[in-house]
Every structure is written in structure tokens, then in C-alpha cells.
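Read-outs: derived from the displayed coordinates by stated rules, not from any lab. All values derive from a computational prediction rather than experimental measurement. In this analysis, Cβ positions are derived from the backbone assuming ideal geometry, glycine residues included, and neighbour counts consider all displayed protein chains.
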Amino acid sequence: MNCFELDTISHRYDRETVLQDVTLQLEPGEILGLFGHNGAGKTTTIKLILGLMTPSAGRLSVLGGEAGDPRVSQHIGYLPENVMFYPQLTGREILAHFARLKGASPAQVPELLSQVGLADAMDARTRTYSKGMRQRLGLAQALLGKPRLLMLDEPTVGLDPVATADLYRLLRQLRDEGTGIVLCSHVLPGVEPYIDRAAILTSGALKAVGDLPSLRRQADMPVTLDLTPAGDVEALETAVNSATRGHEVVVRQGDGRLTVEVAPQQKMSLLQGLMASGAIADLSIHQPSLEDIYVHFIGDGGLAHRGGAQ
Amino acid sequence: MNAVWTIARKELSDSLRNRWLVAISFVFATLALGIAWFGAAAAGQVGYASTPATIASLASLGIFLIPLIALLLAYDAVVGEEEGGTLLLLMTYPLSRSQLLLGKFLGHGLTLGLATVIGFGVAGVAIALLVEEVAIVSLATAMGRFIGSTILLGLGFIALAYLVSVRVSEKPVAAGLALTIWFFFVLIFDLMLLGGLVASEGTLNPELMPWLLMLNPTDIYRLLNIVAFSGSEPLSGVLSLGADLPVGPAGLWLALVMWCVLPLAAALLLFRNRRI
């Protein structure tokens, strides 16, 4: 049973289309990165899965049931962006309150609080909490009752690098235990090593979805090779040109080194030619990163896309 | 039901924590004792006047105070959660919107109910113990009726406050509207009724006029507590209309209950259609 299945979901808000024919699913034990500019429809997608809104069109099922059904939402953990709590209550009181609402055992409250590093602050009022501490409390709240589907909206905001690493370690552990996790973030290099699949949304439409290698294939972006010549740079450049045998490559020179951008399918033949020529002393290969892929798919809109309303 | 109680429990413990419960109880007890002891001051003497006079004075005061306290207690029930950022989170829990609002209603109702029972109850017991030759049975009946109707009046205004709270998206706006509600029912309504009565110069159906009192919960409350003793004193002002009302106390009680049920039902309906 999938954690959720969106089948050609569309949603309109005041007659404005916010989501258009989105088809997406999440399997148990998988971390899905959900990316997009502000206003791309990430929050709407999450709200639909949480059952806070019903889609205008399309079919949606969550944990084998209906979104918003109490029997379903009992198994969902959610960390909203900029999570806020009752300032007059302590961390422990707040978590106990939410545990009761979720039907989770109150015994796990102190345990969860120390798991997110709030053991010392659990009896302080949340009025005194820093942004990072509120975020941790929000995370503990999302983990109540061992959710089968976990949705985290910008979970690392306000967390220091150590806490961020802890968080990702925890998410991996949960994934290995079979939780399906959705991760929304703008810190792409941070999440890149941890996600199994990425979904990229722009203006309400799903631009691309898949694991990193398949996204790279879809994007068909050049691989960058950094070459250090054995002797002469010119000799290396001649070797590159003969090895590519007329295929399109971009060659740049600088610092006595050569930077070559080559299409992924030509990469191996170029490398074999270079090895045979003996003109090369060292090389490093740069695959397009998640950020490169994201920028590629977000495309021409550029800055215009980044400024959109949430 | 469990979720409703969890929400109610939080509201109740909030009002214990911020001393609302204690403060309201204290105010009620002080006022009741003050009125009981100095109620006869206008007649040139200090001491317990009579049970009907005391209840009448308490009810006149309650009309101002109870709606105000209820509205202040409840006006931010939903809009406050939204501004605090917790409404969205709550709605992702296995908790329906109706359950949230009913839980709040139970919590706020218990707060006001407890404060009323403690505050006026203490005063009632003090009167019974300290005043000699007071008829305990009639005092207890009158106090019971007073406390019961006070709680109902409070619940009605809590429900009216929710009606505002589920509709607006900013707390100051909700506060302003809540005060407007208070102003309308407590101060404006009777004036309008009297004005209408005089201006119509008798052209209005005289049988219709008393029913108009039913449109104001504070008038029903006043009727309930004062008409019960109407044998002893003539009614004044708009309340004289109430003497012509063909419904007995049971009808008045029912009307007061309706003033809790209808606004609450409307608030539930509005909340269900609210966009989060």
C-alpha cells in the first residue's frame, strides 16, 4: 500500500489554478524531495494530502484511505513551515497535549523530547524557545505515534549543522523502518544525499520526477571534466578534440588546466581516448548536482519564479 | 469524544494557569456579597434587604458583566489559534473542526460555569450562614435559578463570540466585533425596543411586542430572575412587556437554551466552511 497516490490531481483556488494534473506517489520506506519555487504548489500538494483541502479534480488516496479521515491522519506526522506553539505552555505540556489528540502514548513524550535534543528545555515555556528549539519541538510533534507518512516542510530551518546532520540520520533510520517521508526544502545541496527521489514542481505542474540518475538522464545536462595535462595544455586540447571525434564539446582553458563539458553518452569514449593519448595526468568528473538539475527544470523563468507568492 | 475532552481540558487548564477562573470567581463572590450586604443602602440601612431584592440587583449586574466576561473569554477561540499558527497543525490531527469547536465550548463553558458556581455559590452559602431569619429554601431556589440562568447566558455569549471568531482572520477585529455584540445586546437593544414602541404610537400589534424580548438573551435572563418575584414589585421599563408574555418560566428557559444552541450551530456551520 502506497503512502499516498495523487492521480491527475488539479486544484483551483479562487478560480486560479494552483495544481494542474499532478500524478505522484510515495512508497513506504522512501524519501521524496518535493522542490519548487515559492508558489509552485508544494504547500497545496501537502495540504491536499493532509486533507486540509479537497482537490478540484483527480483521485487522491492516502495510506489506503481518504485524506483527512481520522483513521488516516492518526498515522501522519506533519511539520509545517515556521511551526508555532502555545507560548504559555512548556515543551512537555505541548507534546503531551498533541499526543493525547493523536491517541499516542504519553510515555513517549520525554523520550521524543530527548531524541530531538530538548531534554534540558522540556520544562521551560516555549515562549523562551529559540527558532531552532521550536523547530525541534515541531519535529518531536511530527514523530508522535510512529507515523507511517511523515511530511516535513523546511525541517532544517534554524537548525545548526550538527542538529541538521542528526535530523537526516533520524530520517534515514525511519525510512529504513518503513516510513514514507516527504521533504520540502530550498537547501538543495543539503538534502541531495538523503533523498531517494525528487519531484520538481513549477507553476502547479510536475516538471520532473525520479531518482537523481534518471533526472540527470531526463535533463541531459553535460558532464564537466576537469583535466590536468601531463605536459603541454595544447597537446591535451588536441587529444581531447581527436578523442571526441567531431562531437560537440565545450573546452575552456585556465590555470594550465582544461575544463571540458561533454554530453553524458560521449563521456566514456572521450575518457578512453584521453587515457590512450597519455596527455593527461589527472582528472575529476562533476555530475550535475540536484541544484543544477533543479535550475535546468525550473528553466527560463529564473528570478521571476523565485519571487512568487506562497 | 476523547478529542473534544482533550481540547476542553487544555482550555480549562489554560484558564486555571492564567488565573481567569480564580479572578472571575473572586469578582462574582465579592459582587454578590457586596450587593447582599449593601443592597439596602439606598433605603438608608446596611444589611441584608431581602432575597428578591438581592437577586434582582445581582441579575441587573449580571447582564452587564456575564456577556462581557463570556465574550472576552471566547472571542479568540479560533482566530487566536490561527494567528498563533496552531490551527493548521491541529487540523492535521485526527480531530474534526466540529470537535475542536465543541471542545473549546466545553472548556470555556466549564470555566465560566465553575466560576459562577464557586463565586455565587460562596456568596449564597455566606448569606445563608450569616443572615439570621433568611428563608433558606427560597434563597436556595432563587440562587439556583440565578446561577443556572447565569451559566446559560454565559454559554450563549460564548457561542456568539465563536460566531465572530470563526468568521474573521485577525484578533483585533474579533475583539472589536465581540464588543459590538455586547454593546448591541446590553445597551442598544432595549433602547431600540422602547424607541420603536413609542414611535409606533400603538400601531404595532401589541401581542407581537413582548415576543421581541425573546430576541435578546439578556432580556430573557432578566425576566427569568425578576419575573419570578413579580408578585412583590412592579416591573419597569421594557421588562413590563414581559409581564404580557404568554410563556411561563419553562418557555423562558427554553428560549435561553436556544440562545446557546443556535449561535453554536451557526458557528459550527461557518467553521466547517472556513478555508484554512
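The table below gives the values:
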item	result
Value of relative contact order over segment A:222-287, rounded to a whole percent, pairs C-alpha under 8 Å and six or more apart	54 percent
Coarse-grained scattering of segment A:1-156 at q = 0.13 Å⁻¹, given as base-10 log I(q)/I(0) from a Debye sum over alpha-carbon atoms	-0.65
Share of pairwise Cα separations in chain A, more than 36 Å, in percent	32 percent
Whole-number D in µm² s⁻¹ for segment B:3-273, Kirkwood Cα-pair radius fed into Stokes-Einstein, 10 °C, 1.306 mPa s	81 µm²/s
With Cα atoms, 0 to 90° folded angle of helix A:131-142 axis to chain A main axis	70 degrees
Relative contact order [Cα under 8 Å, 6+ residues apart], chain B, whole percent	27 percent
Helix axis angle, A:91-102 relative to chain A longest principal axis, alpha carbon, degrees	80 degrees
Normalised contact order of chain A, rounded percent, pairs of Cα under 8 Å and 6 or more residues apart	21 percent
Cα shape, segment B:8-113, gyration tensor, a/c 1.5 rule	prolate
Computed [θ] at 222 nm, helices only, for chain B once each DSSP H run of length n ≥ 4 contributes -39500 (n - 2.57)	-24000 deg cm²/dmol
Sequence of A:86, B:162 once ranked by neighbouring C-beta atoms within 10 Å, starting from the fewest	A:86, B:162
Under the Debye formula (equal points on every Cα, no solvent term), log10 I(q)/I(0) of the protein assembly as shown at q = 0.05, 0.06, 0.09 Å⁻¹	-0.36, -0.48, -0.83
Cα-Cα P(r), segment A:87-167, percent of pairs per 5 Å interval	3, 16, 28, 26, 20, 7, 1
Positive-end extreme of charge dipole, chain A - chosen from A:64, A:182, A:164 (charges on Cβ)	A:64
Helix axis angle, A:233-244 relative to chain A longest principal axis, alpha carbon, degrees	80 degrees
With 10 Å bins from 0: P(r) over segment A:154-282, alpha-carbon pairs, percent	11, 29, 20, 22, 16, 1
Segment A:222-287: Cα Rg divided by the 2.2 N^0.38 Å rule of thumb	0.95
Value of [θ]222 nm, deg cm²/dmol, for chain A, DSSP H segments ≥ 4, -39500 (n - 2.57) each, nearest 500	-10000 deg cm²/dmol
Listed residues B:204, B:152, B:256, most fluctuating in chain B (Gaussian network, C-alpha, under 10 Å)	B:204
DSSP H segments from chain B that extend 18 Å or more along their own axis, Cα-based, with Kyte-Doolittle mean of -1.0 or above	B:2-17, B:20-38, B:51-74, B:97-130, B:136-165, B:249-272
GNM result for chain B, Cα springs below 10 Å: residue of B:91, B:214, B:143 fluctuating most strongly	B:91
